[in-house]
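Written out below as structure tokens is the structure these notes cover.
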Amino acid sequence: PETGCLSIIVLGASGDLAKKKTFPALFNLYRQGFLQLNEVHIFGYARTKISDDELKNRIRGYLSSGNEGAVDVSKFLQLIKYVSGSYDAAEGFLALDKAITEHETSRNSSEGLSRRLFYLALPPSVYPQVCKMIKNYCTNKSDLGGWTRIVVEKPFGKDLASAEELSSQIGELFDEPQIYRIDHYLGKELVQNLLVLRFANRFFLPLWNRDNIDNVQIVFREDFGTEGRGGYFDEYGIIRDIIQNHLLQVLCLVAMEKPVSLKPEYIRDEKVKVLQSVVPIKDEEVVLGQYEGYRDDPTVPDNSNTPTFATMVLRIHNERWEGVPFILKAGKALNSRKAEIRVQFKDVPGDIFKCQKQGRNEFVIRLQPSEAIYMKLTVKQPGLDMSTAQSELDLSYRQRYQGVVIPEAYERLILDTIRGDQQHFVRRDELKAAWEIFTPLLHRIDNGEFKPIAYKPGSRGPVEADELLEKAGYVQTHGY
Ligand code: BG6
């Protein structure tokens with residue numbers, strides 16, 4: 001592992017993302033010994049003029065300390081220093097650089113090596129100017145080397161053109177290996193398991209194709225609406241918020257070919273190929289919804305056309321997947337909170353048990369809640385006759401890995417940024433290919449050519465979505 005001084009700079013330190021995700025993830029890494037006290041310093045930067053202590057008080061409530069944690073929390077908070085300044089003036093960034101340099105020079109162990117990680121917990125509109133400031137005033141200057149890395153979060157633009165513009169602006173300042181675009185779904189345990197499941201198991205290798213798989217569903221449901229985030233959400237909608245990034249990344253991992261090795265570039269190369277093979281989405285294979293009451297939010301316009309629900313079929317034009325619908329479905333204010341991948345196999349040819357009506361084989365990966373991997377299959381009902389039933393081979397993480405704490409996505413991803421591993425981050429060409437898929441549809445929605453169907457909060461979403469699923473070939477399985 002690298003040694004030397006590590007400075008983690010959280011820009012937008014007083015904002016929601018920093019409080020709820022970034023600092024808690026850093027705290028958990030600290031508790032597990034990944035951030036060594038003498039080597040690491042954390043800097044918060046934001047416009048708000050507050051003291052170090054005020055920032056710490058704001059963060060403290062979000063750090064879950066477990067049983068014996070109070071000491072840990074205050075030790076962790078000692079690592080944090082706050083610097084206030086604007087996002088577009090040199091002054092603040094010069095002060096920030098001074099604080100970082102002081103930390104670096106005070107560490108004997110660092111031997112001049114300087115590692116600077118800038119985490120932009122900020123709205124994307126300020127990314128370019130903030131990156132410029134970092135580049136001009138805060139990059140590491142140590143003679144002995146080190147690095148400067150930038151971590152950004154979605155939304156990366158609103159369509160192909162705006163995303164490309166943002167990428168070019170940042171790309172002029174930093175090289176691709178310095179830029180970490182977070183999609184937190186890539187940090188989830190079961191998303192990371194997909195490569196292992198697919199490529200380390202003989203079971204799946206011969207079956208994972210159009211000859212055997214009838215359809216694939218990738219589903220995200222939330223049982224709450226956009227409360228408190230209506231302003232942000234209305235500008236983006238469910239396709240930009242969830243489908244274009246989180247679900248599409250999962251689709252890539254389900255559909256990609258085996259990479260040459262686990263080298264991040266090889267993995268990302270294969271993902272890009274999947275994205276480039278997706279054919280234009282057909283209007284008749286899209287159902288949009290908006291939950292009743294969404295527009296009651298004062299930050300949402302009364303005539304908003306923004307979808308809070310979408311189901312659509314993506315089709316991949318290649319040898320492995322031609323003809324297999326990938327159904328992506330995401331919705332807010334539905335009847336449950338769940339994210340899962342459901343791979344449905346074709347019927348058994350020449351079925352002698354007449355059991356087809358009970359359901360098909362399915363391979364299900366539940367990302368959350370209660371991580372699980374299970375297979376639905378047909379078995380003989382225990383007893384004297386030969387009747388059949390659907391049952392499950394079930395790997396429920398809670399049972400199988402009792403007592404094992406599954407790391408938070410952000411924790412894992414921040415550790416990767418420190419280690420310099422870009423495997424679980426979105427590369428620029430990947431981002432571009434992702435926007436290419438959705439931009440035509442998004443423009444039609446933005447122009448009001450495509451209207452969402454109203455659905456009741458707490459329901460399954462519009463019935464038209466279930467009809468689309470059936471039309472795409474999904475057969476509902478019946479319980480065991
Ligand atoms: C975020 C979206 O990226 O992911 C939110 O902006 C959504 O709208 C969230 O609620 C879901 O994340 P998770 O990890 O709870 O599934």
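The values are calculated or read from the model by the stated rules, or taken from the named source; none is laboratory data. Since the model is a prediction, treat every value here as computed from it, not as a measurement. All Cβ positions, glycine included, derive from the backbone under ideal geometry; neighbour counts span all protein chains shown. Remember, those area values only see protein heavy atoms, side chains included, never the ligands or the DNA or RNA. Shrake-Rupley method; radii C 1.70, N 1.55, O 1.52, S 1.80 Å.
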For the chain, accessible area per residue (1.4 Å probe, heavy atoms of protein chains only), Å² = 45
So, with points 7 Å from each Cα along the Cβ direction, the Val379-Tyr266 label distance in nm works out to 3.8
Reach of Lys471 by Cα under 20 Å, taken over aspartates and glutamates that are not fewer than 8 positions away in the same chain = Asp211, Asp214, Asp283, Glu284, Glu285, Glu322, Asp347, Glu362
What ranking, highest mean first, results for peptides 291-303, 243-255, 360-372, 453-465 when packing means the other Cβ atoms within 10 Å averaged over each residue?
-> 243-255, 360-372, 453-465, 291-303
Quick one: which residues, 5+ away or cross-chain, put their amide H under 5 Å from the amide H of Asn215? H built at 1.01 Å from N.
-> Gln344
Sites His443 and Ser391, calculated FRET efficiency, Cβ-Cβ separation with R0 41 Å, nearest 0.05 | 0.30
For Ser162 and Ala90, FRET efficiency with R0 = 35 Å and r from the beta-carbon atoms, rounded to 0.05?
-> 0.85
Ordering of 29-36, 431-438 by packing [mean C-beta count within 10 Å, highest first] | 431-438, 29-36
Work out how much length Glu284 to Asn136 would gain on full extension: take 0.36 nm times their residue separation and subtract the Cα-Cα distance, in nm to one decimal.
-> 48.3 nm
Lys/Arg Cβ at +1, Asp/Glu Cβ at -1, dipole of the stretch 343-480 taken about the Cα centre: which of Leu384, Thr417, Asn447 is farthest positive-ward?
-> Leu384
Theoretical FRET efficiency, 1/(1+(r/R0)^6), r = Cβ-Cβ of Asp351 and Ile406, R0 30 Å, to 0.05 | 0.15
Whichever lysines have a C-alpha closer than 23 Å to that of Lys98, once near sequence neighbours (fewer than 8 apart) are set aside = Lys49, Lys56, Lys81, Lys132, Lys135, Lys141
Karplus ³J(HN,Hα) for the stretch 180-185 (6.51 cos²θ - 1.76 cosθ + 1.60, θ = phi - 60°; Hz, whole; x = Gly/Pro) runs 10, 8, 7, 10, 5, 5
Going through Lys376/Lys456; Lys354/Lys376; Lys188/Lys329 one by one, the pairs whose alpha carbons sit over 26 Å apart turn out to be Lys376/Lys456
Pairs of Cα atoms farther than 31 Å apart, the chain, % | 48
Would you mind calculating the gained length between Glu292 and Phe224 on full extension (0.36 nm times residue separation, minus the Cα-Cα distance), in nm to one decimal?
-> 23.2 nm
Can you send over the carbon and sulfur percentage of the accessible area for the chain, probe radius 1.4 Å, protein chains only?
-> 51
Relative packing of peptides 9-18, 343-352 - highest average C-beta neighbours within 10 Å first | 9-18, 343-352
